[in-house]
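*Asks:* First, the structure itself, so that you have it in front of you.
No lab work stands behind these numbers, since they all come straight from the coordinates. A quick note: this is a predicted structure, and the numbers were derived from the prediction, not measured. We place every Cβ from the backbone using ideal geometry, glycine too, and count neighbours over all the protein chains shown.
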Amino acid sequence: MAAPEQATFDDRDGFIWFDGELIPWRDARVHVLTHALHYASSVFEGQRAYNGVVFKLREHSERLRKSSELLGFELPWSVEEIDAACNEVLKANGFVDAYMRPLAWRGSESMGVAPGRTKPHLAIAAWEWGKYYDPRYSEKGIRLEIAPWRRPAPYTAPTESKASGLYMICTLSKQHAEQNGYNDALMFDWRGRVAEATGANVFFVKDGGLHTPTPDCFLDGITRRTVMDLATRRGVQVHERPIWPEELAGFEQMFLTGTAVEVTPVQSVGPWNFEVGELTRQLAKDYDDLVNGRIPNA
């Protein structure tokens, strides 16, 4: 169930974990001269809790620390401490099914392009959030535009990190798509190859096999790897390889994967159309069964 309609995300009841302690939601604030606000020196995670358990929490906490290190700052909290804080947030807010956002950033201790003596900070919030897309799209699939922006080369940015700055072109691309009547956008990389959607990885189905782009300039998603494992369990061959746009005409099915979107079928990308086929539906069900504890963890 989606959260009740509220004015803004800064005006809610509940608690946020902030630098080691739970504080009232409305008190979780930072200064306008925070380094991350000016220079995008922040990283984050998006994770979901199902039936009171954060799915693959350890992997998310490990990636958060790795992302901060790739941006040149180390968090003073261990993976175990971050795990415990996430569980504390869930319990304090009384959530069973929720979306959770840990965010780490450089603070306001100094200002300038160089981070200087800024200190690392960490906050963790959670809220009730249903399906990313309207549930009817699980049957008919979403429509994607071709994004006007491309994923950068790995030698231009720390593309292995879940860094906030890398999402600027995602925001622009999704906004552009929605303004043109689409649900989202498919992004190519700097070479012109298929990369990902604005906040999710992509998969294609052809002749009973799965095809997915090699994540050499975008995030190798935790949900992505989970779905690959689920497919392998079913004996489906997974091809992780470079994919060029001209190949899209030969694929039968397409779907997105991610913590927020889970497994979402795609009905079209620009001029290319796809069916919401049996394998897409099966993997969506397998993922739902996995996160809800109905089948063993992948």
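*Asks:* Counting each DSSP H run of 4 or more residues in the chain as -39500 (n - 2.57), what helix-only mean residue ellipticity at 222 nm follows after dividing by all residues, to the nearest 500 deg cm²/dmol?
*Replies:* Result for the chain, helices only: -7500 deg cm²/dmol.
*Asks:* Could you compute how fast the range 178-274 diffuses translationally, taking Rh as the Kirkwood radius over C-alpha pairs and applying Stokes-Einstein at 4 °C with viscosity 1.567 mPa s? Give it in µm² per second.
*Replies:* It diffuses with D of about 95 µm²/s by this estimate.
*Asks:* Please report Rg (one decimal) and Dmax (integer) in Å for the Cα set of the range 1-89.
*Replies:* Here Rg and the maximum Cα pair distance are 14.4, 39 Å.
*Asks:* Subtracting the Cα-Cα distance from 0.36 nm times the residue separation, let me have the gained length for GLU88 to GLU59 in nm, one decimal.
*Replies:* 8.7 nm
*Asks:* Something else: Using alpha carbon centroids, what distance separates the range 212-281 and the range 12-31, in Å?
*Replies:* Value for the Cα centre distance between the two parts: 37 Å.
*Asks:* Could you identify which residue out of HIS211, HIS121, HIS38 has the top mean-square fluctuation in a GNM of the chain using Cα springs shorter than 10 Å?
*Replies:* Taking springs between Cα atoms under 10 Å, the residue moving most is HIS38.
*Asks:* Sticking with this one: Subtract the Cα-Cα distance of THR232 and LEU172 from 0.36 nm times their separation in residues, and report this length gain in nm to one decimal.
*Replies:* So the extension gain works out to 18.1 nm.
*Asks:* Nearest 10 degrees, 0 to 90: what angle lies between the long axis of helix 278-291 and the longest principal axis of the chain (Cα atoms)?
*Replies:* So the inclination is approximately 30 degrees.
*Asks:* Still on this structure: Using a Gaussian network for the chain with springs between C-alpha atoms less than 10 Å apart, which of these wobbles most: PRO135, PRO158, PRO215?
*Replies:* PRO135
*Asks:* Still on this structure, I have one more. For a quick check, take a GNM of the chain with Cα springs below 10 Å and name the residue from ARG225, ARG136, ARG191 with the largest mean-square fluctuation.
*Replies:* Taking springs between Cα atoms under 10 Å, the residue moving most is ARG136.
*Asks:* Treating the chain as a set of equal point scatterers at the Cα positions, no solvent, please give the Debye-formula log₁₀ I(q)/I(0) at q = 0.09, 0.11, 0.15 Å⁻¹.
*Replies:* Log-scaled intensity ratios, in q order: -0.45, -0.69, -1.27.
*Asks:* Please identify which residues in the range 164-205 have an amide N closer than 16 Å to a label point set 7 Å out from the Cα of TRP244, following the Cα→Cβ vector.
*Replies:* Taking a point 7 Å out along Cα→Cβ of TRP244, the residues of the range 164-205 whose backbone N falls under 16 Å are 188-195.
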